[in-house]
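K.L.:
Would you mind keeping the following structure in view while I ask a few things?
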Amino acid sequence: MSKAILLLSLVVPIFGWSKESLDVEFSGILVNKTCQLAADSINKRVKIENIRLKSINDNIPSDITPFFITIEKCSQADLNKMIKITWKSPKQVTVEGGNYLGTDGSSGVLLGVVDKQGAFVTWDKSIEVTPVTVTDGSQQLEFGVFVRKNPLNEAKKGVFSSSATFSLEYE
C-alpha cells in the first residue's frame, strides 16, 4: 500500500502541471579562467654570464642569453587565442635605433631584450607573440637578453642589474 501511495504522489503533480505553464530555471557559473604564469616565470631572474669587458668596449655585444616565460593551465576556451605581451620599464634608453635598458651598478652597460627571432622587443605597446597551442601542460614564450657598451662611456668592470615588467593578454 505504501508503494501505491508513493507512486500516486509522484504522478499526480505531473498531471497537475500539465494544464499550466511550466517554469524552467537555468543557472551556471561564469568563470574568467585564462592561462596562468608558471611559478618559475614570476619574478624571473636572468643571469648573464661570460661577458668579456674588452669585447664589450670593442663594441662587440655579448651573446644572447635566452630566457622563457612559461604559461600553463590554459582552458579549452583559450586555445588558438593570440597571446599578446606588453613590456615596460622606466630604464628605457634609445641608442642607435635600438631600445635598450639602462643598468644600475658600476659597469655602465646597456641591455638589449629581443624576441626569439632576435628582433628588439617593442616597449609600452601590446605585441602579438603566438597563439595558445596547449591546454594540458605548458607553453614557453622565448626571449633573450644581451649586453652592449653604452656609446656615451666605456664599460667598467663591475656588477650591473636592470628590471622590466610585462603583462600578458589573450585575444
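The values are calculated or read from the model by the stated rules, or taken from the named source; none is laboratory data. All values reported here derive from a predicted model rather than from experimental measurement. Note: ideal-geometry Cβ built from the backbone for every residue, glycine included; neighbour counts use all protein chains shown. The protein model used for the area step is the full one, side chains on, heavy atoms only, and it has no ligands, DNA or RNA in it. Shrake-Rupley method; radii C 1.70, N 1.55, O 1.52, S 1.80 Å.
K.L.:
Please work out the ratio of the alpha-carbon Rg of segment 127-171 to 2.2 N^0.38 Å and round it to two decimals. List each step's numbers first, then the result.
P.N.:
Details: Rg = 17.1 Å, N = 45, 2.2 N^0.38 = 9.3 Å.
Compared with the compact-globule rule of thumb, segment 127-171 sits at 1.83.
K.L.:
Anything over 22 Å Cα to Cα? Flag those among Lys47/Lys125; Lys44/Lys84; Lys44/Lys116, in the order listed.
P.N.:
Result: Lys47/Lys125 exceed 22 Å.
K.L.:
With the other protein chains left in place, how much accessible area per residue, in square angstrom, belongs to segment 40-151 at a 1.4 angstrom probe?
P.N.:
The answer is 56 Å² per residue.
K.L.:
Among the trypsin sites (Lys or Arg not before Pro) in segment 84-142, which ones are in a DSSP loop with at most 12 other Cβ atoms within 10 Å of the Cβ? Mind listing them?
P.N.:
Lys125
K.L.:
Right, here's the next one. Under a crude label model (7 Å from the Cα following the beta-carbon direction), how far is Met82 from Asn153 in nanometres?
P.N.:
So the label points at Met82 and Asn153 sit 4.1 nm apart.
K.L.:
Applying the Karplus parametrisation 6.51 cos²θ - 1.76 cosθ + 1.60 with θ = phi - 60° to the phi angles of segment 138-150, what ³J(HN,Hα) value in whole Hz is obtained for each residue in order, glycine and proline being reported as x?
P.N.:
Result, rounded to whole Hz: 10, 9, 9, 9, 9, 9, x, 9, 9, 10, 9, 6, 7.
K.L.:
Another one. Which whole-Hz ³J(HN,Hα) couplings does segment 82-88 yield from phi under the Karplus relation 6.51 cos²θ - 1.76 cosθ + 1.60, θ = phi - 60°, glycine and proline marked x?
P.N.:
7, 8, 10, 10, 10, 9, 9
K.L.:
List the residues whose amide H sits under 5 Å from the amide H of Lys81, counting only those 5 or more places along or on another chain, with H placed 1.01 Å from N in the peptide plane.
P.N.:
Amide H neighbours of Lys81, under 5 Å, 5+ apart: Val132.
K.L.:
Okay, next question. List, in order, the whole-Hz ³J(HN,Hα) value for each residue of segment 49-63 obtained from phi through the Karplus relation with A = 6.51, B = -1.76, C = 1.60 and θ = phi - 60°; use x for Gly and Pro.
P.N.:
So the J values, rounded to whole Hz, are 10, 6, 9, 9, 4, 4, 4, 4, 6, 8, 6, 9, x, 5, 5.
K.L.:
Kindly provide the GluC sites (Glu not before Pro) of segment 61-157 that DSSP labels as loop, not H, G, I, E or B, and whose Cβ sees at most 15 other Cβ atoms within 10 Å.
P.N.:
Working: sites: Glu72, Glu96, Glu128, Glu142, Glu154; in loops: Glu96, Glu154.
Counting only loop positions with at most 15 other Cβ atoms within 10 Å, the GluC sites (Glu not before Pro) in segment 61-157 are Glu96, Glu154.
K.L.:
Charges only on Cβ, +1 for Lys and Arg, -1 for Asp and Glu: so what's the dipole of segment 45-171 about the Cα centre, in debye to the nearest 20?
P.N.:
About 500 debye.
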